Amino acid sequence: GYLIKTTDGGETWAATNNPDTSASSYVNGVVAVPGTDIIVAMDDIGVYYTTDLGATWSEISTPAETEDDYLISGIFQNTDFGYVFTYNGQILRFQSQVTDISDPFVHHTIRDFHLYQNYPNPFNPSTTIRYALPKASDVQLIVYNMLGQKVATLVSQKQSPGTYTAQWDASDFASGIYIYRLKTDQGFTQAKRLLLIK
């Protein structure tokens, strides 16, 4: 009946505001819009989005036919396109309804270097890798196979502080486990696994 959030990979959790303060409404699902800081939530009576990790929410209009149905889950490809699913089997298509957000990225102060888990994972054929830089750095983001051989260089350049995403299209690679590694000239190195399934 309420939402909790984490900003450190699940080590700690804290309550955040519900999209709807109605006592009779329960949050059934949340989904992130890839490549943005937008979270979409579905509850018993509506669909909402937040750009500030749940501090405030805006409602997305839904058809009148869902008044006696529960909105339970969804998936959004980007800010222009997504689907929401209802308890009774309806599929709602949302197009160009989250595009009025003037700035979909929330600019929080970044305190630490961080390499996030790729999404989707497993994937086929492409995946997104996100990372954060608290200060300007020479960045290398490289993908290796399980033998330690470099198979792709996704980033190799100086970058300003901020949060970035890189795409890896693995159409020409065999299924299996790969390692992606972020390395900076500030002494930070972190690696994670990703799984390609064809």
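Of all residues in region 25-52, those being at pLDDT below 80 and hydrophobic (A, V, I, L, M, F, W, C) number 1. Of all residue pairs spaced 6 or more apart or on separate chains, those with beta-carbon atoms under 6 Å, a first member in region 138-157 that is closer than 19 Å to Phe113 by Cβ and part of a strand (DSSP E or B) and a second member that is hydroxyl-bearing (Ser, Thr, Tyr) and open to solvent by 40 Å² or more (accessible area, probe 1.4 Å) are Gln140/Ser156; Ile142/Thr153.
Residue-by-condition table, conditions (1) more than 11 Å from Gln140 (Cβ to Cβ); (2) in contact with a Leu (Cβ under 9 Å, 6 or more places away or on another chain):
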{"position": "Thr153", "(1), (2)": "no, yes"}
{"position": "Gly162", "(1), (2)": "yes, yes"}
{"position": "Gln167", "(1), (2)": "yes, yes"}
{"position": "Asp172", "(1), (2)": "yes, no"}
{"position": "Tyr178", "(1), (2)": "yes, yes"}
{"position": "Gln186", "(1), (2)": "yes, yes"}
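Somewhere in region 154-161, is a residue within 16 Å of Ala191 (Cβ to Cβ), open to solvent by less than 70 Å² (accessible area, probe 1.4 Å), at pLDDT 90 or above and touching a strand residue (DSSP E or B) at 6+ places or on another chain (Cβ under 8 Å)? Yes, region 154-161 contains a residue that is within 16 Å of Ala191 (Cβ to Cβ), open to solvent by less than 70 Å² (accessible area, probe 1.4 Å), at pLDDT 90 or above and touching a strand residue (DSSP E or B) at 6+ places or on another chain (Cβ under 8 Å).
Against the conditions (1) open to solvent by 60 Å² or more (accessible area, probe 1.4 Å); (2) modelled with pLDDT under 95, Gln149 satisfies every one except (2). Quick one: in region 92-131, of everything that is among the small types (Gly, Ala, Ser) and open to solvent by 70 Å² or more (accessible area, probe 1.4 Å), which residue is modelled with the highest pLDDT? In this case the residue turns out to be Ser96.
For beta carbons closer than 6 Å, sequence separation of 6+ or different chains, a first residue in region 173-192 that is exposed (fewer than 12 other Cβ atoms within 10 Å of the Cβ) and in a loop (DSSP other than H, G, I, E, B) and a second that is at pLDDT 95 or above and among the charged types (D, E, K, R), the qualifying pairs are Asp185/Asp138.
The values are calculated or read from the model by the stated rules, or taken from the named source; none is laboratory data. Note that the coordinates shown come from a computational prediction; the quantities given were computed from them, not determined experimentally. Methodologically, a virtual Cβ is constructed for each residue, glycine included, from the backbone with ideal geometry; neighbour enumeration extends over all protein chains shown. Side chains are part of the model used for accessible areas, which takes the heavy atoms of the whole protein and leaves out ligands, DNA and RNA. Shrake-Rupley method; radii C 1.70, N 1.55, O 1.52, S 1.80 Å.
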